[in-house]
Structures are given as C-alpha cells and as structure tokens.
Amino acid sequence: MADEIRLAFAHPAERAIATADEAPRDRISLRDHVVEVEIGAFQAERGHTQRVRFNIVVEVRSGTGPLEDDVDRILSYDKVTEAIALELAAERVNLLETLAERIAERILLEPQAMRAFVRIEKLDRGPGALGVEIVRAAPEARRAGEAADAARARPHPRVVYLSNAAIDDAALPRWIDEAKADGAPLVLCVDLPDGPRPQAGHPLAQRRVDLLAIEQNGWRLAARDPRAKVVATRTELDWAMRNGQISLWAPSKIVLDTPQGSRAHPEAPLDLAAWFAGLMEARELVVIGETLPADAPVPARAVTVGNTAP
C-alpha cells in the first residue's frame, strides 16, 4: 500500500516504469512546464489567468534503424509542448480532465508515441497543487483522436448579420430563403435590441449584459421565422450545419469560452458578427441593413434593407 501511495504522487516517469510490460520502452519527458492560462468551472476563475503546471511522459517506439542524429527520426519534445499550446489556444475549458484528454490524444497521434502520462496541476487555487493525472495508450487514443479531428472538421457557413430594421422588414423570410438557396450552411447573427438596456457599471458585467441582450434579440427573430433555431455551442452549430438547420447564434458561451473571445465586442454587434465569421472560417459575411465592418476577416458584402438580393 505504501508503495502504491508513493507511486500515486511520484512523477509520471516512475508510474511509466512501474506499469511497463516486459518490452523495452524509450521515454521522453516534460517536467514542471508552467503556463499562465484562464481555466476552470467556477465563476471566480473566469476573466483571470492562473498558473498551471504540466508533467508529461511519453513512451515511444524504439527506432528500427540508426538515428543519424536526425531530429525527424524521433518524437521531438516540441511535439509535447506544441500539443499543450494548441489545446490551450483551441478553446477555453472548464476541467483539467478535459484538457488532459485532449493533450494525450494529440500527442498519441504521433506515430512513435505508444503511451502518454499527463499530469496537470493548478498552482493558485489553494495552499497546495490541485491536479489530475491520466494514462492513455496509442490505439485507443488514436481512434479517439481521429474521431475528434473528424468532429472538428467543420463546413464553412454563410454568416448573415441582420440589423433591427432587417429583422422587422417584411422581406426577412425571402432574405433567409435566398441566403440558403445554394445549400451553404447558414448562421444568423443579430443586433443589440433598440432602446436602453441595464448598465452594470463594470466592464466584465456589462459584457455579460450585452451578450444576453443580443440573445434576447435573437429570440425575437426566432419568433418571426421559426426556421431559425437559437444555438449556443460549437457542438450545436456543427450539427446544425451538417443537417441543414438554420442557426441563430446566441453568442455568450462561445465568446466567453474561446481564448480569443476577448477580441469580440458585444457592444458593437456587427464587429462581434465579423469576429464570429472569422472564427467559423465562414465563406462570407452578409450584412443586411448596415454598412460593412472596416476589417472583416472573411469576404463580406452589404445589402440594403428593401433590396431583394442577399
């Protein structure tokens, strides 16, 4: 029992040795790699970074020929740090368990990798380190990784931004019909509602208020055209795009859970829609009832309210 407890808190390298079979294994390791990142399920963890420490060991296949001092013949340490950086940049996550799974999956897609031991610890949430450790093997992880990659391969939608004048115009159903006529996935974005909205007196709180106000305006549009379904998550958007459903974007979750979400400005809904179009790698941004944003990240065109062509 004492030995099991010692191994439970030992570096992943000791766990790897203790659980190895008789076949010889080479190992590479990353020790005490600390990154400042926003992560966590609690409200107090949003809007702030905290130190997270990574300890990772990867068991690799022994080379079948001479290495010839060639970095291309080995699993480079850079692949381990790159896996961490890519997963941290991909999406804000709530759970260390989720992050550990994704890092292990990415590492084990490398052909030389056989097992990955991933330990992640929060250093600023208490008097000690709070963490999780997982062990994943290559065949299982490769299948999961391939499935995850397939799930992340998304179509390129047409993003249509509707001003309040466009939402109230009698031509709204026709604009939606024409925007989806070529079969492109369609995602609708809306303006802030007209009239005053609550003022919170704090930037982060006001950001939430504005995001929720946009979502309320989205429900108003959904009531006008029931084909538009309000969606809030990437999973819902992916499903809708693959199944021909018209999505009406409720922005709060994606903006708050995306590392680049700080660049999105809900007080300027058209700029927010342009940011979203870039995030989704949209084929184009169509703006109905307003002028085009100054720096759209995707091809963009404007439609005047009363014009029949989207």
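What FRET efficiency do you get for Arg220 and Phe42 if R0 is 25 Å and r is their Cβ-Cβ distance, rounded to the nearest 0.05? Show your work: numbers first, answer last.
Values: r = 32 Å, r/R0 = 1.29.
E between Arg220 and Phe42, to the nearest 0.05, is 0.20.
Rounded to whole Å and sorted largest first, what semi-axes of the equivalent ellipsoid does the C-alpha gyration tensor of region 169-310 yield via the square root of 5 times each eigenvalue? All intermediate terms of the calculation are to be shown ahead of the outcome.
Numbers: eigenvalues 106, 58, 49 Å².
Calculated on Cα positions only, the semi-axes equal 23, 17, 16 Å.
No lab work stands behind these numbers, since they all come straight from the coordinates. Bear in mind that the values here come from a model prediction, so they are computed numbers and not experimental data. All Cβ positions, even for glycine, are placed from backbone atoms using ideal geometry, and neighbour counts span all protein chains on display.
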